[in-house]
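*Asks:* Please see the structure below; I have some questions.
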Amino acid sequence: MTNSERLSKQKIRELQEELTMWTAPIAFRERVDEIVLSLRREVFFGQAGLAFLRDAWIASRVASALLPEKVRLVCEERPDFEFCSGGMIEQFEATEADRAGRRRGDEPTIERWWWETVEHCRDRFEAIPAALERVVSKKVAKGYQSGVSLAIYLNLNCYGAYVNEGLPIIANATAPASQQFKNIFVIWERSLYRLWQSGERAVAQWDTARPNEPA
């Protein structure tokens, strides 16, 4: 990676400031996608200081599904992003669940879904409980004030093969956080799922993917 491919500290500050401005959900998503798609994969995943862009990506998907009046990133310790509707603020923590030790910045940029076998998908599916348990336990250990929701990007897609089987597993794996967070949302398989609300199972689904753009 050359220095010219990396974002300067000044550019990082400018992007952070831009994404912390209140923005309509669709415009926010379009801007986040524009930023993310402009970066080389190894920069987006490998350069230090860009975790806020991954939080912004999660925020953009949740916001375009739930459609609050406005959304913004919060570049402080907590929360990660906020919604505003009718003058009321809703706060969210964002996190990503994936296989332990995965280094996406070192992976090829080409799409590989076309040659993956059923065994590849099954391997990813079976990694879901441990991946969720790792991130959920970290969030629970931090302690959050009541009223904050949790949004998890579950980056273990199986191309729709195990959705019905997977949702109960995902709900069980996120249950330890259900008493601490107002809502628990999971982005998985091109959809946003709400699995917990006020400590109770409350399943709802929204599409997050659109034609001809990243899911």
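*Asks:* Cysteines without a disulfide-compatible partner in the chain, using Cβ under 4.7 Å as the rule?
*Replies:* Flagged as lacking a Cys partner: 75, 84.
*Asks:* So, one more: Using a 1.4 Å probe and counting only protein heavy atoms, arrange 139, 9, 70 so the residue with the most accessible area comes first.
*Replies:* 9, 70, 139
*Asks:* When the solvent-accessible surface of protein heavy atoms is calculated with a 1.4 angstrom probe, in what order do 75, 121 fall, highest first?
*Replies:* Values: 75 60, 121 15 Å².
In descending accessible area the options line up as 75, 121.
*Asks:* Sticking with this structure for a sec: From largest accessible area down, sort 28, 45; use a 1.4 Å probe on the protein chains.
*Replies:* Values: 28 5, 45 55 Å².
Result of the area sort, largest leading: 45, 28.
*Asks:* Name the residue farthest towards the positive end of the dipole of the stretch 1-101 from the options 59, 39, 87, assuming +1 on Cβ of Lys and Arg, -1 on Cβ of Asp and Glu, about the Cα centre.
*Replies:* Projecting each Cα onto the dipole axis, the largest value belongs to 39.
*Asks:* Okay, moving on. Under a Cβ-only charge scheme (Lys and Arg +1, Asp and Glu -1), can you give me the dipole magnitude of the stretch 138-215 about the Cα centre, in debye to the nearest 20? Each step should come with its number before you reach the end.
*Replies:* Values: 8 positive and 5 negative charges, 67 e Å.
My answer is approximately 320 debye.
*Asks:* Here's a follow-up. Per DSSP H run of n ≥ 4, the term is -39500 (n - 2.57); total these for the chain, divide by its residue number, and report the mean residue ellipticity at 222 nm rounded to 500 deg cm²/dmol.
*Replies:* -12500 deg cm²/dmol
*Asks:* If exposed means no more than 16 neighbouring beta carbons inside 10 Å and the site is in a DSSP loop, what's the longest run of the chain without any exposed GluC sites (Glu not before Pro)?
*Replies:* Counting at most 16 other Cβ atoms within 10 Å as exposed, the longest clean stretch of the chain is 117-215.
*Asks:* Follow-up question, since we're still on this one. Taking every DSSP beta bridge that has both residues in the chain, what percent is antiparallel when rounded to the nearest 5?
*Replies:* Antiparallel bridges: around 70 percent, rounded to the nearest 5.
*Asks:* Under 12 Å from the Cβ of residue 89, count the other residues' Cβ atoms, weight Lys and Arg +1, Asp and Glu -1, and hand me the total. Each step should come with its number before you reach the end.
*Replies:* Values: positive: 70, 72; negative: 69, 82, 90.
Around residue 89, the surrounding residues sum to -1.
The values are calculated or read from the model by the stated rules, or taken from the named source; none is laboratory data. As the structure is a prediction and not an experimental result, all values here were calculated from the model. A quick note on method: Cβ atoms are made from the backbone with ideal geometry, for glycine too, and the neighbour counts reach across all protein chains shown. Remember, those area values only see protein heavy atoms, side chains included, never the ligands or the DNA or RNA. Shrake-Rupley method; radii C 1.70, N 1.55, O 1.52, S 1.80 Å.
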